[in-house]
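*Asks:* Here you go, one structure.
The values are calculated or read from the model by the stated rules, or taken from the named source; none is laboratory data. None of the values given here were measured: they were computed from a predicted structure. Please note: Cβ atoms are built from the backbone with ideal geometry, for glycine as well, and neighbour counts cover all protein chains shown. Only protein heavy atoms, including side chains, enter the accessible area calculation; ligands, DNA and RNA are left aside. Shrake-Rupley method; radii C 1.70, N 1.55, O 1.52, S 1.80 Å.
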Amino acid sequence: MTTKAERTTAYIIETVAPIFTKLGYVGTSMSDLTDATGLTKGAIYGNFENKEALALSAFEYSSKKLLQKLDDILSTEGSSLDKIFALTEFYRHYDEFTKDLGGCPILNTGVDAQNNNKLLAAASKEAVKEIEGKIALVLENGANSNELKLPVTPLQFAKQFFTMIQGAIAMSTITRDRKYLVNTIAYLEVLVKKELKK
């Protein structure tokens with residue numbers, strides 16, 4: 001059973017997470033947070049040491065939702081190739097998944113925090129490495145079971161694969177044109193079939 005304080009803390013994090021993702025650490029004002037939560041500044045900071053602690057908790061909440069979704073996709077039944085294509089299918093509609101999150105937490109927070117918040121920048125970098133590791137593990141398992149042929153190490157391919165996806169997300173976000181994402185995913189699927197399929 002959760003206490004009232006724990007429920008309040010969870011409510012604050014869930015409510016402000018999309019705001020931090022959308023507006024960034026510096027761009028999010030106290031009035032943005034009080035307006036969204038309906039709580040006073042004192043009530044918010046009664047649960048968090050400062051804005052940085054709140055922003056970090058908000059990022060952890062958003063990135064955890066994304067990482068959980070990726071775990072669900074990559075743990076589905078089927079071959080390693082099936083898992084990779086399930087991943088590309090997810091990213092084809094990534095903008096729909098991140099709508100309630102305020103955008104891509106990895107991209108938005110990672111870029112925004114680079115020069116103004118070391119903790120947030122480090123957390124987003126860690127999330128990138130975790131995602132690359134998850135993809136690399138699927139590739140490694142595929143190579144070990146003699147299902148996939150890898151032109152480079154699993155981690156190297158995973159890094160390039162994820163770089164192309166994140167680049168497409170960035171371009172779609174900047175231009176407000178989802179064709180960047182859709183077309184890149186279609187190209188990646190061709191590349192995977194050509195490079196990895198035995």
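*Asks:* If you take the residues in the stretch 1-17 that are outside any helix (DSSP H, G or I) and not aliphatic (A, V, I, L, M), which one is modelled with the highest pLDDT?
*Replies:* Only one residue fits best here, namely T3.
*Asks:* Any idea which residue in the stretch 101-120 is surrounded by the most Cβ atoms within 10 Å (Cβ to Cβ), counting only those that are touching an Asp or Glu at 6+ places or on another chain (Cβ under 8 Å) and not in a loop (DSSP other than H, G, I, E, B)?
*Replies:* Among those residues, the one meeting the criterion is L120.
*Asks:* Which residue, of F97, F90, is without any contact (Cβ under 8 Å) to a residue 40 or more places away in the chain, over 23 Å from G142 (Cβ atoms) and not charged (D, E, K, R)?
*Replies:* Just a single option satisfies the conditions, and that option is F97.
*Asks:* Just the residues that are free of Cβ contacts under 8 Å to residues at least 40 places away in the same chain and among the acidic types (D, E), please, taken from the stretch 143-196.
*Replies:* Passing the criteria: only D177.
*Asks:* Check off (1) within 23 Å of the chain's Cα centre (by Cα); (2) part of a helix (DSSP H, G or I); (3) hydrophobic (A, V, I, L, M, F, W, C) for V26 and give me the number that stays unchecked.
*Replies:* The single condition V26 does not satisfy is (2).
*Asks:* Among the residues of the stretch 4-21, write down those that are under 23 Å from the mean Cα position of the chain (by Cα), in contact (Cβ under 8 Å) with a residue 12 or more places away in the chain and surrounded by fewer than 15 Cβ atoms within 10 Å (Cβ to Cβ).
*Replies:* Result: Y11, E14.
*Asks:* Kindly indicate which of A158, A186 is assigned to a helix (DSSP H, G or I), surrounded by fewer than 14 Cβ atoms within 10 Å (Cβ to Cβ) and aliphatic (A, V, I, L, M).
*Replies:* Matching residue, one of A158, A186: A186.
*Asks:* Next question. Is there any pair with a first residue in the stretch 37-65 that is closer than 20 Å to N117 by Cβ and hydrophobic (A, V, I, L, M, F, W, C) and a second that is assigned to a helix (DSSP H, G or I) and open to solvent by 70 Å² or more (accessible area, probe 1.4 Å) whose Cβ atoms are under 7 Å apart and which are 6 or more apart or on different chains, and what are they?
*Replies:* Here the result reads L56/L119, each pair linking the stretch 37-65 to a residue that is assigned to a helix (DSSP H, G or I) and open to solvent by 70 Å² or more (accessible area, probe 1.4 Å).
*Asks:* Continuing with this model, one more query. Looking at K99, K159, which is the one that is charged (D, E, K, R) and over 28 Å from K198 (Cβ atoms)?
*Replies:* So the residue among K99, K159 that is charged (D, E, K, R) and over 28 Å from K198 (Cβ atoms) is K99.
*Asks:* Additional query: For the stretch 134-154, how many residues are more than 18 Å from G167 (Cα to Cα) and either basic (K, R) or surrounded by 14 or more Cβ atoms within 10 Å (Cβ to Cβ) (or both)?
*Replies:* Looking only at that region, the number is 14.
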